[in-house]
Amino acid sequence: MWVSLRGIYRNPGFRQVSIATIVSILLIALPYPVKTTISRIASHSILYPFVEIDRFLLKIDSTFEINRHLNRRLDFLATTLSTVMENRYENERLRKMLGFDLMLPYELKPAEVIAYSPTARFKSILINAGMEKGIFKDMPAISPSGVVGKTVSAESYSAVVQLLFDPACKVAARLQSSRTQGIVAYLGGRYLSLTNVPADQSVAVGDSVISSGLGGIFPEGLFIGRVIDTRVKEGEMFYEIDIEPGTNFSLLEEIFIVTSIPGGN
Amino acid sequence: MIPYFYYFLAWFFVIFCQIVVSPRIAFGDIYPDAVLAAVVLIGLKRGWKRGLWFGFAFGLTMDLLNPQNYGWTTVLVSFSGYYAGYVREKIFLDHILYQSLAVFAFALAYQLLFQLINWPFYFINNFIQLLSNSVFTSLYTAAIALFALFILNQRSRLRELL
């Protein structure tokens, strides 16, 4: 028995396993505060590089996650901002139109522009209001910036508005300061023209051109545009007057149709 | 004789895999035990002595991270390394499939023993759940060991060719 025990003891495998086991048991038997202290020291010394690499990679992971989250949020906010800005512009436009509506003595029906005529220069537009709102043919179309044109046809829920830039659209007008009368029409080029103004009348650049109310469609006093150039060719009896319209026709979104004029038909 | 620098390099690499890589290739709770796989493979390839002491060093390092189970990982991983060397002496396992099978068996035994020692009541009450969890962890560990062995074999073949 003694011999076999000595044999086991002398076996190098047994000795080494015993040493490893005893050290492990000693570690297991250590009081918990000592274990915690050793762990803390170890994680700040020999395990420090691993812990730091792990933390660094965790930071990268979380940075990626945060980045993805922020990108998603950014997309959402960009969309929201776009909607808010659009609402803001619409609000401003509607406020302006509401003020305009209250200012004029006419009965106005608001309408949204839903289509432009597909020509290079917009000559007519389609609006989303028609006979059901009391809109019929030959009613003036105006915007807060000035005269837009007149309705040329009306359906139940839509109507076509002929713009001032259509050569067939003519408006009886006068110069606001000199009261000289004429006819606003489009004769080609970039601007409208005020025709039939005798050459002996005084015409000032910058003067406002307003509707005279003599044509039977447009009521008196609606702003059309401003005089930007006047010419009289030699031997001619009438001025050639260029007018810049008050309305920017390419930016039209909402307009009013004048459905009734006090004292008019 | 392998210089001590290589021992240190092996220790650094295995601990790095265990602390940094393993959690990142985990499937939920199932993650490969790089330390055990390395110790068993060292035991199988280099004998019980290296298996024992590498197991001791790796186990002790892992214990330092977790004061609650102090010493248990050291003793279990050391024994795994020792018995892997013992298996090598009794049955010569040259094929990588047998070696990864041995890794699976050691990993399963280690997982079950570790849980039984640390949480005996929880282990008995939830045996089936813990067993299935241990089987999956061991399978994953064996798969990683198989991959490592395959890479090492390819490297050896390349060296022979050159």
Report, ordered by the first and then the second residue, all pairs with beta carbons closer than 9 Å, sequence separation of six or more or different chains, a first member in the stretch B:26-46 that is touching a residue at least 40 places away in the same chain (Cβ under 8 Å) and within 13 Å of B:Tyr83 (Cβ to Cβ), and a second member that is open to solvent by 10 Å² or more (accessible area, probe 1.4 Å) and not in a helix (DSSP H, G or I).
B:Leu44/B:Leu93
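Could you check the stretch B:60-147 for helices (runs of 4 or more DSSP H) lying wholly inside it with 3 or more residues that are within 14 Å of chain A (Cβ to nearest Cβ) and open to solvent by 40 Å² or more (accessible area, probe 1.4 Å)? Lay out the reasoning, then the answer.
On the way: elements: B:72-90, B:96-118, B:120-125.
In the stretch B:60-147, the matching helices (runs of 4 or more DSSP H) lie at B:72-90.
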From the residues in the stretch A:31-53 that are under 25 Å from B:Val21 (Cα atoms) and among the charged types (D, E, K, R), which one is modelled with the highest pLDDT?
A:Glu52
Selection count, the stretch A:170-215, where residues are open to solvent by less than 30 Å² (accessible area, probe 1.4 Å), under 14 Å from A:Glu244 (Cα atoms) and in a loop (DSSP other than H, G, I, E, B):
1
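Within the stretch B:6-23, restricting attention to residues that are more than 20 Å from B:Val135 (Cα to Cα) and of a type in the set (Ser, Thr, Tyr), which residue is farthest from the other protein chains (Cβ to nearest Cβ)? It would help to see each step written out before you state the result.
Taking the stretch B:6-23 first, the residues more than 20 Å from B:Val135 (Cα to Cα) are B:6-17, B:19-21.
Subsequent filtering for residues that are of a type in the set (Ser, Thr, Tyr) retains B:6-7.
On the way: B:Tyr6: 18, B:Tyr7: 14 Å.
Among those that are more than 20 Å from B:Val135 (Cα to Cα) and of a type in the set (Ser, Thr, Tyr), it is B:Tyr6.
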A:Leu108, sole failed condition from (1) of a type in the set (A, V, I, L, M); (2) open to solvent by less than 90 Å² (accessible area, probe 1.4 Å); (3) part of a helix (DSSP H, G or I)
(3)
Can you say whether B:Lys45 is within 11 Å of chain A (Cβ to nearest Cβ) and either open to solvent by 30 Å² or more (accessible area, probe 1.4 Å) or part of a helix (DSSP H, G or I) (or both), as far as the supplied structure shows?
no
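Looking only at residues in the stretch B:49-59 that are under 14 Å from the mean Cα position of the chain (by Cα) and open to solvent by 20 Å² or more (accessible area, probe 1.4 Å), which one is nearest to the other protein chains (Cβ to nearest Cβ)?
At the first step, the residues of the stretch B:49-59 found to be under 14 Å from the mean Cα position of the chain (by Cα) are B:50-59.
Add one more test, that the residue is open to solvent by 20 Å² or more (accessible area, probe 1.4 Å), and what stays is B:50, B:53-54, B:56-57.
On the way: B:Arg50: 11, B:Trp53: 8, B:Phe54: 11, B:Phe56: 5, B:Ala57: 10 Å.
In this case the residue turns out to be B:Phe56.
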From A:Thr247, A:Thr180, which residue is under 28 Å from A:Gly134 (Cβ atoms) and of a type in the set (Ser, Thr, Tyr)?
A:Thr247
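Tell me, yes or no, whether the stretch A:219-240 has at least one residue that is in contact (Cβ under 8 Å) with a residue 60 or more places away in the chain, open to solvent by less than 40 Å² (accessible area, probe 1.4 Å) and in contact with a Lys or Arg (Cβ under 8 Å, 6 or more places away or on another chain).
Going through the stretch A:219-240, the residues in contact (Cβ under 8 Å) with a residue 60 or more places away in the chain turn out to be A:219, A:222-225.
The next check asks that each one be open to solvent by less than 40 Å² (accessible area, probe 1.4 Å); those that pass are A:219, A:222, A:224-225.
When the remaining residues are screened for being in contact with a Lys or Arg (Cβ under 8 Å, 6 or more places away or on another chain), the result is none.
No.
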Between B:Ala37, B:Ala26, which is more than 8 Å from chain A (Cβ to nearest Cβ), over 25 Å from A:His44 (Cβ atoms) and modelled with pLDDT of 90 or more?
B:Ala37
Reported set for the stretch A:137-166 where residues are touching a residue at least 40 places away in the same chain (Cβ under 8 Å), open to solvent by 20 Å² or more (accessible area, probe 1.4 Å) and on the phi < 0 side of the Ramachandran plot is A:Met139, A:Pro144, A:Ser145, A:Lys150, A:Ser158, A:Asp166
Which residues, counting only those in the stretch A:111-122, are modelled with pLDDT under 80 and open to solvent by less than 90 Å² (accessible area, probe 1.4 Å)?
A:Ser117, A:Thr119, A:Phe122
Meets criteria (open to solvent by less than 60 Å² (accessible area, probe 1.4 Å), in a helix (DSSP H, G or I) and either at pLDDT 85 or above or touching a Phe, Trp or Tyr at 6+ places or on another chain (Cβ under 7 Å) (or both)) for A:Val17:
yes
Contact list, first residue from the stretch A:29-57 and facing chain B (nearest Cβ under 9 Å), second anywhere and of a type outside the set (Ser, Thr, Tyr) and assigned to a loop (DSSP other than H, G, I, E, B), beta-carbon distance below 8 Å, six or more apart or interchain, is A:Ala29/B:Gly71; A:Leu30/B:Gly71; A:Ile38/A:Leu30; A:Ser39/B:Asn66
From the options A:Leu58, A:Leu77, A:Leu94, residue that is in a helix (DSSP H, G or I), open to solvent by less than 100 Å² (accessible area, probe 1.4 Å) and touching a Pro at 6+ places or on another chain (Cβ under 9 Å):
A:Leu94
Assuming A:Asp200 fulfils every condition listed in (1) free of Cβ contacts under 8 Å to residues at least 12 places away in the same chain; (2) in contact with a strand residue (DSSP E or B) (Cβ under 6 Å, 6 or more places away or on another chain) apart from one, which condition is it?
(2)
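The values are calculated or read from the model by the stated rules, or taken from the named source; none is laboratory data. As the structure is a prediction and not an experimental result, all values here were calculated from the model. For neighbour counting, all protein chains shown are included, and Cβ atoms are generated from backbone atoms with ideal geometry for every residue, glycine included. Calculation scope for accessible area: heavy atoms of the full protein, side chains included, ligands and nucleic acids excluded. Shrake-Rupley method; radii C 1.70, N 1.55, O 1.52, S 1.80 Å.
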